[in-house]
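I have placed the structure first, in the form of structure tokens, so that the comments after it can refer back to it.
The values are calculated or read from the model by the stated rules, or taken from the named source; none is laboratory data. From a predicted model like this one, the values you see are computed outputs, not experimental measurements. Counting neighbours? That spans all protein chains shown, and the Cβs are built from the backbone with ideal geometry, glycine included. These area figures cover heavy atoms from the full protein model, side chains too; ligands, DNA and RNA do not enter into them. Shrake-Rupley method; radii C 1.70, N 1.55, O 1.52, S 1.80 Å.
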Amino acid sequence: MITKHQLRREMTARRKALDPRWVADASGRIVECILSLEAFRVAESVAFYKAIGGEVILEPLFSECWKLRKRTCIPTFNPDLKIYEMAEITAATHFESGHYGIHEPIGVELVSVEEIDLMVVPGVAFDPKGNRLGRGGGYYDRLLDGFPGISVAVAFDFQVFDEIPHTAHDIPVNFVVTETKIVEVQNEH
């Protein structure tokens, strides 16, 4: 089986080579799939992320959530603890380039992950069992560890494999959503 390092390198190269118009179009289809999820419709508080490097673009969901009066959060890096924490954002939130060059909110209220109903997460590669390969820092595994809500991984079809390498500390997700399908993971998490 391919190693985590090899898979990260291969997927990073593929994402960097994507045409931005294709990314925008495929991301739009993924956003539509998320909007169709019952778990999204009933969620009162949701967490997303700001896309970088060919990741699925979720910004259209931000404004949709604000229209629906859903509490909307994204990760912000805590340099003292070296972890990501969730912060509530609104249409008035200002951003700056943060950890890894990711746009992070400025001057926002932190939200406990226990208060979030639905968390949409990025990643490098996924499989139908809900296994997720991230960038290697374990940041989302720590956010998902003990998360009581529904977790949704978003990816492009080429990022989904029959099986990916994973370890006991890797936290699986409840759904994997691509531009062509929604996979509800059937397991014990």
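Key figures for this structure:
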| read-out | value |
| --- | --- |
| Charged-residue dipole, Cβ positions (Lys, Arg, Asp, Glu), the range 69-189 about Cα centre, Debye nearest 20 | 180 debye |
| Ellipticity estimate at 222 nm from DSSP helix runs (n ≥ 4, -39,500 (n - 2.57)) divided over the chain, nearest 500 | -8000 deg cm²/dmol |
| Accessible area per residue, Å², the range 62-189 with all protein chains present, probe 1.4 Å | 49 Å² |
| Calculated SAXS-style log₁₀ I(q)/I(0) at q = 0.19, 0.25 Å⁻¹ - the range 1-91, Debye, Cα scatterers | -1.02, -1.18 |
| All Cα pairs of the range 57-130, percent lying beyond 16 Å | 56 percent |
| Filtered GluC sites (Glu not before Pro), the range 26-92: DSSP coil and at most 15 other beta carbons within 10 Å | 44 |
| Förster radius 41 Å - calculated FRET efficiency between residue 80 and residue 29, Cβ distance, rounded to 0.05 | 0.55 |
| Surface share of carbon and sulfur [accessible, 1.4 angstrom probe, percent] for the chain | 53 percent |
| In Å², nearest 10: area of residue 67 left accessible to a 1.4 Å probe | 150 Å² |
| Restraint check, 82/181; 50/70; 4/181; 16/67; 50/82; 16/70, Cα-Cα greater than 26 Å | 82/181; 16/67; 16/70 |
| Charge sum, other residues only, whose C-beta stays under 10 Å from residue 118's C-beta, Lys/Arg counted +1 and Asp/Glu -1 | 0 |
| Principal axis dimensions, largest first and in whole angstrom, of the chain by Cα | 44, 38, 37 |
| C-alpha long axis of helix 20-36 to longest principal axis of the chain, angle in ° | 70 degrees |
